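Notes follow once the structure below has been shown.
The values are calculated or read from the model by the stated rules, or taken from the named source; none is laboratory data. Quick caveat, the model's predicted, so the values are computed rather than measured. We place every Cβ from the backbone using ideal geometry, glycine too, and count neighbours over all the protein chains shown. The protein model used for the area step is the full one, side chains on, heavy atoms only, and it has no ligands, DNA or RNA in it. Shrake-Rupley method; radii C 1.70, N 1.55, O 1.52, S 1.80 Å.
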Amino acid sequence: MVDLLVIGVVGSCVVATVLAGVSALRDRRPTLAVVVLVALAELLLIAQSVVIGVVLAMGNGPQSPLIVVAYLVGVLAVGPFGLVWALGERSRWGNVVLVVTAVTMATMTLRLWDLW
């Protein structure tokens, strides 16, 4: 289950990165499609956190659950902060913020998957 969620998060982040990057290069403000993709990645991360929390509560999981929990908290915080910042900055720089947000979310999710 976690593998499918990781693929969903990383996939939506990659598409959001490409769309936001193209919009930034074209000097446009953030589009609804990019915002929806980042929000979708955040929802998938919430689902992943619930699954990981249940597995950890059952006593299964990695050797260092504290690091996993730290990554979960960190990656869950990146999306909302990035979206609020990007929507407040209604210029090409809002797209740059979304690129950084999506890349960070994808990278932290892959690292979390590696730790698992």
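Quick notes on this one:
- Filter pass, VAL97 being farther than 18 Å from TRP116 by Cβ and touching an Asp or Glu at 6+ places or on another chain (Cβ under 9 Å): yes
- The range 26-54, residues that are assigned to a helix (DSSP H, G or I), touching a residue at least 40 places away in the same chain (Cβ under 8 Å) and surrounded by fewer than 17 Cβ atoms within 10 Å (Cβ to Cβ): ALA39, ALA47, VAL51
- Some residue of the range 47-57 being under 13 Å from the mean Cα position of the chain (by Cα) and hydroxyl-bearing (Ser, Thr, Tyr): yes
- Among the residues making up the range 75-91, a single one is part of a helix (DSSP H, G or I), more than 18 Å from SER12 (Cα to Cα) and either touching a Leu at 6+ places or on another chain (Cβ under 8 Å) or open to solvent by less than 70 Å² (accessible area, probe 1.4 Å) (or both): GLY88.
- When the criteria are applied in full, LEU87 fails the requirement of being under 12 Å from the mean Cα position of the chain (by Cα), at pLDDT 85 or above and not acidic (Asp, Glu).
- Subset of the range 60-73 [surrounded by fewer than 13 Cβ atoms within 10 Å (Cβ to Cβ) and modelled with pLDDT of 85 or more]: LEU66, VAL73
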